[in-house]
């Protein structure tokens, strides 16, 4: 019987985005989204935190292979989103508004199916140091 | 069926306080509270973290309107507590010792009734970068 | 004879940008600027640090009126650049590549003429927590 | 009926370690642990976060006496581990690989039996600012 | 001929203060100092950074004995100012407004005469993470 | 005539070290170096900050090619020192005590000869978030 530990790894990426709902009028978009509705977009240094949950493997002392976790975060999220305009270049955001909430959800959807032994526990996205969203896979 | 996300917003305020229980003797106050018993008070740059929990609204991508959350934090907590001596100027602390624990509780009591669609999940107060208290509404 | 102190104030803004020199070929732009050449832009949470140098005023204890400095930073830099695509919306960057270096220079040019009693000493711009540029007005 | 609050205190210690499983071949150790298998060790500024859970004491406003918690963290963890080579000097790590996961577990085992009124809720260990492990006592 | 290095050590203290000039009218004090004029005071987690400059000692590799520097910072500044109301309890501030600028100056005056081989180069005081003052001994 | 800007890039590495002067007696080593004299070593997450000074290149907006600076920091410092026991594995420290001061000096000596157009201005090494050394090439 082995201890269950939650391991978290952080990484940063830089992207731009805008908030716009095509079903809203121009006034409605401006009222609801304010400065975030600027069609040229603006950007952030996002911080992605991925937490996996699992038993400590007695032969390695690891809950998850750190190298594999790092590679997975790069392949599924960082390489795709870094230095991109989310609304224009990331398929999920062609129809979904790239709020911090939806970014956490999309990162979860990209990472969860690829994690085996260790289970994805939480995805946290910081849009700024003072604003972040957590998703635990709850629907 | 929409994803449930926890959104957290941080803000800072500066206040002073002291720890003192009028039912304790002077010696007891000194022994229990140490330097924090100085009647002149001392102060901190407190950090308030407010976490709300809710379903992502499909039309906005938000769990909570960020502008409303920011305004609420200002009206209920920041405008009232910032640049104040908590024991002397904040009614809750006329009878309650303004520890980090009680500050988290008081911020919860001020914020929870005002949040509608999104539910208050956690209030965190940092007294210093190395000391913080979390309250989830548990009694 | 009064002490000379350097006072620094920080503030954050979010913007997007891209690096592109119209006199370079497409290949040259890609080679020199890499991912930063993406025409859609990408973004950052920039941190602006403004340092003013002056004698401590004996009647106020200030080198500079903090409220005036804050207002100046907002009027000249933050309100103009926050939530903007620098290349497309900020006149200085119609012809200047918005590198961290040039951003520091532009912020200096916007702030220096407006500071009276206290002299602008340094402008620092953080593009990410790991990359920043300092300009002291040297040419 | 009193509010239940989670109080967290942070502290830092500096130690060195290496990852090595004597049952693995040299090649296996190198493949699994990479640079962390260097027999001379390497080191980190670890950050220990201890979270205790309890009811707010009405006479003090505390969930736990902060001085006692600080002393306990020093006696049981910091004084023992600070400026040490974990594999060679800390008994638990003579047979256990000192990964971040196992460090969180060992700190829990050292602290939990010593906490009385307030219950240990979580031990978090940061190996670097971008990697941390949480243990809640789950097996 | 030995290399000249600048060594900096940080420490934190918590204090309260208010801004008030007895030669100003009540209205003038309110206009100039705003919320900082609250007679009850308010507080901050101040961060003190002390930088000493000197040649590296070939036998120790030190510019300054770190233990002595730490002790000096405690004796001259931290033990005196921590958990105090600066205006009421620190003699220098009976007649001097405890702005960030003046705090840097007072810390310099307390530390400079006590440093021997290594020369005091700079005192920095952070009032908040976004506001700090540097004093280099210039008058 | 172009503006002169100081560009700084940060990176982290993890290493272990000990302080010991073979010309000191065991008692002297213990008295001067305290816990840092542990022969097994202990470790830190060091932060290296490299500042280069130069004119902004009009065609790129750069003071220095960021990719080249990053590669140089890796080749000359990070790849060599990361996950190493400095005293045993880094030639400069076979005879030099690896204090923060000497680390800053050694990093300067490794980097300065490799920088061409832009001149090395400062090397800063953080041993912990509260202790750092700056070297500007002064002897």
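Yes or no: residue D:61 at pLDDT 95 or above, on the phi > 0 side of the Ramachandran plot, more than 14 Å from chain F (Cβ to nearest Cβ) and in contact with a helix residue (DSSP H, G or I) (Cβ under 9 Å, 6 or more places away or on another chain)?
When the stated conditions are applied, residue D:61 passes them.
Residues of the stretch C:124-133 being part of a strand (DSSP E or B) and under 21 Å from residue F:12 (Cβ atoms), which ones?
Hits for the stretch C:124-133 are C:124, C:126, C:127, C:128, C:131, C:132, C:133.
For the list (1) touching a strand residue (DSSP E or B) at 6+ places or on another chain (Cβ under 6 Å); (2) modelled with pLDDT under 95, I need the number of the one condition that residue D:116 fails.
Evaluating residue D:116 over (1) touching a strand residue (DSSP E or B) at 6+ places or on another chain (Cβ under 6 Å); (2) modelled with pLDDT under 95 leaves (1) as the failure.
Does the stretch E:87-96 hold any residues that are within 12 Å of chain B (Cβ to nearest Cβ) and over 14 Å from the mean Cα position of the chain (by Cα), and which are they?
Hits for the stretch E:87-96 are E:87, E:88, E:89.
Which residues, counting only those in the stretch A:66-86, are touching a helix residue (DSSP H, G or I) at 6+ places or on another chain (Cβ under 8 Å), surrounded by 15 or more Cβ atoms within 10 Å (Cβ to Cβ) and within 9 Å of another protein chain (Cβ to nearest Cβ)?
Answer for the stretch A:66-86, where residues must be touching a helix residue (DSSP H, G or I) at 6+ places or on another chain (Cβ under 8 Å), surrounded by 15 or more Cβ atoms within 10 Å (Cβ to Cβ) and within 9 Å of another protein chain (Cβ to nearest Cβ): A:82, A:83.
When the stretch C:3-18 is examined, which residues are found to be at the interface with another protein chain (Cβ under 7 Å from one of its Cβ atoms) and part of a loop (DSSP other than H, G, I, E, B)?
Residue satisfying the conditions is C:3 alone.
Which one of these is modelled with pLDDT of 95 or more, closer than 15 Å to residue D:62 by Cα and buried (at least 20 other Cβ atoms within 10 Å of the Cβ): B:7, B:48, B:18?
Every option except B:18 fails the conditions.
Taking residue C:23 as meeting all but one of (1) surrounded by fewer than 22 Cβ atoms within 10 Å (Cβ to Cβ); (2) within 14 Å of chain A (Cβ to nearest Cβ); (3) over 26 Å from residue E:36 (Cα atoms), write down the number of the exception.
So residue C:23 meets the others, but not (2).
For the stretch F:97-126: of the residues being buried (at least 21 other Cβ atoms within 10 Å of the Cβ) and over 15 Å from residue F:77 (Cα atoms), which is farthest from the other protein chains (Cβ to nearest Cβ)?
So the residue we want is F:118.
The values are calculated or read from the model by the stated rules, or taken from the named source; none is laboratory data. All of these numbers come straight from a predicted model, not from anything done at the bench. When we count neighbours, we look across all protein chains shown, and the Cβ atoms used for this are built from the backbone with ideal geometry, even at glycine.
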